[in-house]
Amino acid sequence: MARQLERFENLVSMFFTRAGERGGKPFLWARRDGKWVSISWNEAARQVAALAASLKKLGLEPGDRVMLVSENRPEWLIADLGIMAAGCVTVPTYTTNTTRDHQHILGNSGARAVIVSTQKLAKQLIPAVMFASECHHIIGIEDIRTGQTQEVAQFHHWAELVDGPADIGGTADASATVGRDDLACLIYTSGTGGAPRGVQQHHGMILHNVEGCIDVISTDFGWDEEVFLSFLPASHAYEHTGGQHFPIALGAEIYYAESLEKLAANIEEVKPTIMVVVPRLFEMLRARILKTIEKDGGLPAYLLSRALSIEAKRYAGKKNPLDLPMDGILSLTLRKKVNKKFGGRMKAMVSGGAPLNTDVGLFFQAMGLPMLQGYGQTEAGPVISCNRPQAGIRMETVGPPLMNTEIRIAEDGEILVRGELVMHGYWRNPEETARVLSDGWLGTGDVGHLDAKGRIVITDRKKDLIVNDKGDNVSPQRVEGMLTLQPEIAQAMVHGDRHPYLVGLLVPDPEYANHPDLQQLLGKAVDRVNAELSVVEKVRRFILADESFTVENEQLTPSMKIRRHVIKAAYGDRLDALYKK
């Protein structure tokens, strides 16, 4: 029988309950001086209680907002829970934010204090604090030079706040008065379509997600001693819920990855059982594995070909009994080797944040790594649905909705969601709130339908649909996803609204960027993709981008989605010129 999560009234109570059960066992791991060092559940609970008491001493009151600017590290989680344990509201922000971004969020949220981890991050933050009339406290996790901000905000050392007196029992009792409808955090959307908006996430919203995720993992995989590796931005709703509160509910250990560059090595060392990932990372890992196998050639290449062939037949419902011996050989050879690269005990890799290309999903399934594509958005906690083996995994779907989640398809095809997971609204933005919420239903902005088994199939975002001059609808994500699977193409954006055909903006893969015949290579890559596309989806012409789409140039969100409006502002004229040639 599947284990169910007991009902909690708030996230802090859930944490203190698990800490009481787990006691001195390791909880949070970080790499320090070349070694993995852990903080126990007991010590984390002590620091959360101490921080909560310190924040109250600073004069912060229930409902006050506290901004959190930090890379993923144990202190991030302790800060988040400490803020909530003080009755305050966490306002996580991206480490890539500019001073202007910080200024907007400080002003909009009315944060009274900010916790910042390093001097590097403080450099963009401090000037914004100077202009924030309501922010009076800066807490530095590491030593921070604040310059002449003393007249505006008092500076406090993290160590002094978490080393203070800690009444775990008293803090837990005080937290018990917080209800599921109470505000837990304000998470600002990453701004794919403009200025970030503060999504009001209440405790029940996140707990609903956690309960639904535990139902999936418990029913389909079993729930035991779980290990997570955290590397997506903790300030993103996907990681905040899936990579922090979900493992807390499971009583799991959380390791914090050193960097994206060291992620592959960290995975092998840590041996995670569950990973919360975005599709772009899977694409990168797939490309790396393919490159290694192709370089080896011979037997490895043959085994890969057979693994993909067997998986394709299985997926199409055409299993061949003659494949069974080879399937066994693959499990002892290729799959075992690839699994070892992922630590050797992976139960499930959950993909979310953007559409997963079917070929990528089937590749990992063929390697024996269970791949679950999820779907959601910040306004829904963020998890709305997830593929699960018992319902039959179909890569073209994002699975059935989480338990206690209602889905309805509007007349125009928009996916509507209702349940405790739906936000109470955007912070200080009644107009936008009224636009997306109606009678408890959240308009997701995504277009799709439910298949015969109740799984959600997404065809596109309403506002991202390209409508050509003949009225045909084209999904840009589908075409872009196929383009970026070509080894020569690292990133792509297609363009063609109210035009006769699609054109593309391409970022070449670094390995090919200096190739003397780059244009010709890219042309052949586009031709290969076009061969798989319908007439209205084909990319007729393309130009090269001046630089990669990055978070720094604001052409990529921190969750790795392209910012179409920013890219179009930079390249729109050149893309439109392709129609005049």
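The values are calculated or read from the model by the stated rules, or taken from the named source; none is laboratory data. What you see is a predicted model, and the numbers here were worked out from it, not measured in a lab. All Cβ positions, even for glycine, are placed from backbone atoms using ideal geometry, and neighbour counts span all protein chains on display.
For region 204-225, the criterion of a residue being of a type in the set (Val, Ile, Thr), at pLDDT below 95 and either in contact with a strand residue (DSSP E or B) (Cβ under 6 Å, 6 or more places away or on another chain) or over 22 Å from Leu369 (Cα atoms) (or both) is satisfied by at least one position. Take the conditions (1) polar (S, T, N, Q); (2) in contact with an Asp or Glu (Cβ under 9 Å, 6 or more places away or on another chain); (3) not in a loop (DSSP other than H, G, I, E, B); Asn553 misses just one of them, which is (3). Consider region 393-419 and keep the residues that are more than 18 Å from Ile217 (Cα to Cα) and small (Gly, Ala, Ser). The one that is modelled with the lowest pLDDT is Gly413.
A search for C-beta distances below 9 Å between a residue of region 15-41 that is under 17 Å from Thr171 (Cα atoms) and any residue that is in a strand (DSSP E or B), counting only pairs 6+ apart in sequence or on different chains, returns Arg18/Phe27; Ala19/Phe27; Ala19/Ser40; Gly23/Ser40; Trp41/Pro26; Trp41/Phe27; Trp41/Leu28. Residues that are in a strand (DSSP E or B) and in contact with an Asp or Glu (Cβ under 7 Å, 6 or more places away or on another chain) were ranked within region 418-443; the one that is nearest to His202 (Cα to Cα) is Tyr426. None of Arg7, Arg3 is over 18 Å from Thr177 (Cβ atoms) and outside the structural domain of Gln154 (by TED's automatic domain parsing) except Arg3. Taking first residues from region 451-466 that are closer than 18 Å to Pro401 by Cβ and partners that are in a strand (DSSP E or B) and charged (D, E, K, R), the Cβ contacts under 6 Å between residues at least 6 apart in sequence or on separate chains come to Ile458/Asp446. It is to be established whether one or more residues within region 368-378 are over 19 Å from the mean Cα position of the chain (by Cα) and either over 26 Å from Asp446 (Cα atoms) or surrounded by fewer than 16 Cβ atoms within 10 Å (Cβ to Cβ) (or both). Yes: region 368-378 contains one or more residues that are over 19 Å from the mean Cα position of the chain (by Cα) and either over 26 Å from Asp446 (Cα atoms) or surrounded by fewer than 16 Cβ atoms within 10 Å (Cβ to Cβ) (or both). Scanning for something in a helix (DSSP H, G or I), more than 30 Å from the chain's Cα centre (by Cα) and among the small types (Gly, Ala, Ser), does region 557-575 turn up at least one residue? Checked region 557-575: no residue is in a helix (DSSP H, G or I), more than 30 Å from the chain's Cα centre (by Cα) and among the small types (Gly, Ala, Ser).
The residue that is surrounded by the fewest Cβ atoms within 10 Å (Cβ to Cβ), among those in region 216-249 that are hydroxyl-bearing (Ser, Thr, Tyr) and more than 14 Å from the chain's Cα centre (by Cα), is Ser218. Of the residues in region 478-486, none is free of Cβ contacts under 8 Å to residues at least 12 places away in the same chain and assigned to a loop (DSSP other than H, G, I, E, B). Of the residues Arg22, Arg31, Arg7, the single one that is of a type in the set (Lys, Arg) and under 25 Å from the mean Cα position of the chain (by Cα) is Arg31. Of the set (1) at pLDDT 95 or above; (2) in contact with a strand residue (DSSP E or B) (Cβ under 8 Å, 6 or more places away or on another chain), all apply to Lys538 but (1). Screening region 270-380 for strands (runs of 3 or more DSSP E) wholly inside it with 1 or more residues that are in contact with a Lys or Arg (Cβ under 7 Å, 6 or more places away or on another chain) returns the ranges 274-277, 371-376.
On the basis of being modelled with pLDDT under 95, surrounded by 17 or more Cβ atoms within 10 Å (Cβ to Cβ) and either of a type outside the set (Lys, Arg) or in the same structural domain as Val69 (by TED's automatic domain parsing) (or both), does Thr550 make the cut? Judged against the criteria, Thr550 is not a match. Checked across region 436-445, the condition of being over 25 Å from Glu396 (Cβ atoms), among the polar types (S, T, N, Q) and either at pLDDT below 95 or outside the structural domain of Leu356 (by TED's automatic domain parsing) (or both) holds for no residue. State whether one or more residues within region 542-559 are over 29 Å from Tyr94 (Cβ atoms) and not aliphatic (A, V, I, L, M). Yes - at least one qualifying residue is present in region 542-559.
Total residues in region 136-154 satisfying the condition of being surrounded by fewer than 16 Cβ atoms within 10 Å (Cβ to Cβ) and either in a loop (DSSP other than H, G, I, E, B) or aromatic (Phe, Trp, Tyr) (or both): the figure is 6. Remark: pairs (first residue in region 43-65, at negative phi and free of Cβ contacts under 8 Å to residues at least 40 places away in the same chain; second residue among the small types (Gly, Ala, Ser) and buried (at least 22 other Cβ atoms within 10 Å of the Cβ); Cβ separation under 7 Å; 6+ apart in sequence or on different chains) = Ala44/Ala19; Lys56/Ala86. When the residues of region 1-52 are filtered to those that are more than 23 Å from Ile214 (Cα to Cα) and touching a Gly at 6+ places or on another chain (Cβ under 6 Å), the one that is surrounded by the fewest Cβ atoms within 10 Å (Cβ to Cβ) is Asn42.
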